[in-house]
């Protein structure tokens, strides 16, 4: 019975696999988004359980600890609100001055908070899954950041979840500039950077560039995906190669322990 | 049939669980459950079942892991299906021995095949990424070999658990051993 089924099953297998192999990139993303939609409730449940377990292990806080933490957070909240108000005023003033100088207005972005529900399980990629999707206004190739700096960008977007490729992945390329210099280059993750020691490199710098360790690297805004002025990391070391200069950069955000992020979803109205 | 669906559910649960286990400290290799279940299925099921399992497992893996950035696809979806089927066929060659009740070599082979999956992924992305540089330093080898080593260590537990599940649902993956025992 089973032997008679071998040839038909091989044929059916070959046809179905062929259909999958020749999917267009658009349809492939649709399949991926569909499957992400199926698996994300399980990932979210797993993430919640993992968080509860971690909280349990850390132990319950005393009432005094909670009270002092609450006090501290309230003060921090007030400080941030005040700073935000000042910055908004400065932003409006800046845009007014830019428009009077005939410069293009700097876009004001709206940030969507998101929680990381799962980390990538594959060996060669650096990705995370977040709990926001197309219903929250997330689209493909939107920048993802934290208050400390750049995290990456969205790729596959399902209804209630999305995949974010981290800045430490080799496929995530970001146009960047070195603070205090005219030097610009492309930030790219390194193949061996997945896992516990993410490292990224700034390529295509000029060989004469004198970049000191500790110099801040910001996005330059070239390419249109990432807004300019977002901190990417700090230079660890600079070396000259045959054709260009290369800086090893330590990401500003600890990508291995990251829990909450913001997705830049569009202009703030 | 029930056992096939149990393996399928096992693969799905494994896929979810893998996300909550980070890379191993120092060596950076991953703990992959899905290939172990797939290769167990290749031993326990006949060829049509193995192919169906390879199709579902490969599709699930690719749907979650294939990366496309700015419209560029590195590894086309479906390659894992081909890879799992080919390695499943290789494992199937050792099926008669498994049916006789031996599974030591199969656990070892399961680890080797898991490492081969990681190696194949590495080669594929290396061919696609520019410049094409085959970097094979200690870290890369540990990621490939370490993943296989972890699979070798985990395989006996998975093999035992699924053999027990098979027993519970009335499926016999090792008929010759059980026939010998009943004699």
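Ranking A:9, A:81 by Cβ neighbours within 10 Å, fewest first, what do you get?
A:81, A:9
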10 Å Cβ neighbours from other chains, averaged over peptide A:5-13: 4
Proxy reagent accessibility, fewest Cβ within 10 Å first, across B:24, B:51: B:24, B:51
Order by protection proxy (mean Cβ within 10 Å, highest first), peptides A:210-217, A:47-54: A:210-217, A:47-54
Average Cα contact separation per residue, segment A:24-164, under 8 Å, 6 or more apart, as relative contact order %: 25 percent
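Per DSSP H run of at least 4 residues, take -39500 (n - 2.57); add these up for the protein assembly as shown, divide by its residues and hand me the 222 nm value, nearest 500 deg cm²/dmol.
It comes out at -17000 deg cm²/dmol, rounded to the nearest 500.
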Overall form of segment A:2-46 per C-alpha gyration tensor (a/c, 1.5; a/b vs b/c): oblate
Rounded to whole Å, sorted largest first: equivalent-ellipsoid semi-axes of segment B:78-183, Cα gyration tensor: 35, 14, 11
Exposure proxy ranking, count of Cβ atoms within 10 Å, fewest first, for B:30, A:119, B:129, A:3: A:3, B:129, A:119, B:30
Percentage relative contact order, segment A:110-269, counting C-alpha pairs under 8 Å, at least six apart: 25 percent
Net lengthening on full extension, residue A:93/residue A:222 (0.36 nm per residue, minus Cα-Cα): 44.1 nm
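Using alpha-carbon pairs under 8 Å, 6+ residues apart, how would you state the relative contact order of chain A in percent? Show your work: numbers first, answer last.
Values: 467 pairs, mean separation 45.8, N = 269.
Normalised by residue count, the contact order of chain A is 17 percent.
Bear in mind that the values in this text are calculations on the coordinates, not laboratory data. Fair warning: this is a prediction, and the values are worked out from it, not measured in the lab. Glycine also receives a Cβ, built like all others from the backbone with ideal geometry; neighbour counts cover every protein chain displayed.
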